[in-house]
1. Based on the alpha carbons, how large is the Rg to Rh ratio for segment 31-133 when Rh follows Kirkwood?
2. Anything over 28 Å Cα to Cα? Flag those among Lys89/Lys109; Lys59/Lys109; Lys97/Lys291; Lys142/Lys210, in the order listed.
3. Among Pro148, Ile120, Gly159, whose Cα sits farthest toward the positive end of the charge dipole of segment 102-190 (+1 at Cβ of Lys/Arg, -1 at Cβ of Asp/Glu, about the Cα centre)?
4. Sorted by mean Cβ packing within 10 Å, highest first, what order do the peptides 78-90, 45-57 take?
5. What residue among Thr43, Leu71, Gly83 has its Cα farthest toward the positive end of the dipole of segment 43-122, where the charges are +1 on Lys, Arg and -1 on Asp, Glu, each on the Cβ?
6. Need the full-extension length gain, Arg41 to Ala239, defined as separation in residues times 0.36 nm minus the C-alpha distance. One decimal, nm.
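Here, each number is a calculation from the coordinates, and none is a lab measurement. Since the model is a prediction, treat every value here as computed from it, not as a measurement. Note: ideal-geometry Cβ built from the backbone for every residue, glycine included; neighbour counts use all protein chains shown.
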Amino acid sequence: MQNLNWQRTDLIDESEEVVLHQTKEQKEKLEEKSGVQIEDRNTGRVKITDVLVNAEGEKQIGKKEGQYITLSVPTLTLDDPDGFEQLEKELLVSFNKMHEAMSWNEDDKILIIGLGNRTITPDAIGPYLIDHLHSLDVIDEKFVMYAPGVTGQTGYETGDFVAALAERLQPKLIIVVDALATRASDRLCKTIQLTNTGIHPGSGVGNQRKEISYEMLGIPVTAIGIPTVVDAPVLIADAVEFMLRSLAARVAERSKPSSKLSLSSWQPDINKELDMSLIQPIFGEWATWTKEERQQLFAETFAGSHTQLMVTPKEADYWIDKYAKIVSSMLMKWANNL
């Protein structure tokens, strides 16, 4: 089987090298080999992954040199004010951390760019953010806010719009907000990624445009991204993984006396370590494949087919609005302390 293709993701902690180095020993080996430092921690319900990539690390894992901070609340739901509050709080802490070395003058400007297509809901996080910022009446000499649309709407390269604005305004910092793609359904609309390396609009869905970064503009660029779409094969792989693990858990529990005492439908714990060989007589060797191997099979099967789709939650409009609100709120709190 071919190696898993991790390219259809914008999240650094889903890149192959990072995913394959989850234990302490593996992380230390990765740091020695390629100069990639990975720090995982939990604050309340928020899981935070801080990745620093140096020049050598850029060559090894194919991610630009710089800092990446990923915040995720795995249990987040739309009706979860506590989860969103904790996520916004930690987002502000991380944003402050990323910019703590910058010094500000009274006449410094900040350019905020909301990328995306307003007419396509999962891609509308950037324009929605600009709308929320305007609704907060934050028009100020320090801030310039703009949603340039997408090349398909304007016929003009989005990166060129940003470059023209940057050349005219000479801002101290450019903040770019955009929707991202993920390779894990449980990260969908539950994660925010910060990076000081800029952004390639559309790269996660194979529609790569001009880079918006310090290297291109000569101005620091911070990107804030929220994963709103996932490959359809990922969802299939997740569903198959859930089914196989459920069956393995039921087979393992079947011979235990405790299973006979249950008065209601018994739900197995599929997150614990399971012996997948128990269902090998039913499904053959396929049952013992890793989730990534099955996902690769589905991706190859659907390659070039109309079934190769990107999927978004049915409540995408509510999720997009929620994130536009918390990111705009965070930016205002940060700016008020400059």
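1. Answer for segment 31-133: 1.02.
2. Lys59/Lys109; Lys97/Lys291
3. Looking along the dipole axis, the top candidate is Ile120.
4. 45-57, 78-90
5. Final value for the positive-end residue is Leu71.
6. So the extension gain works out to 68.5 nm.
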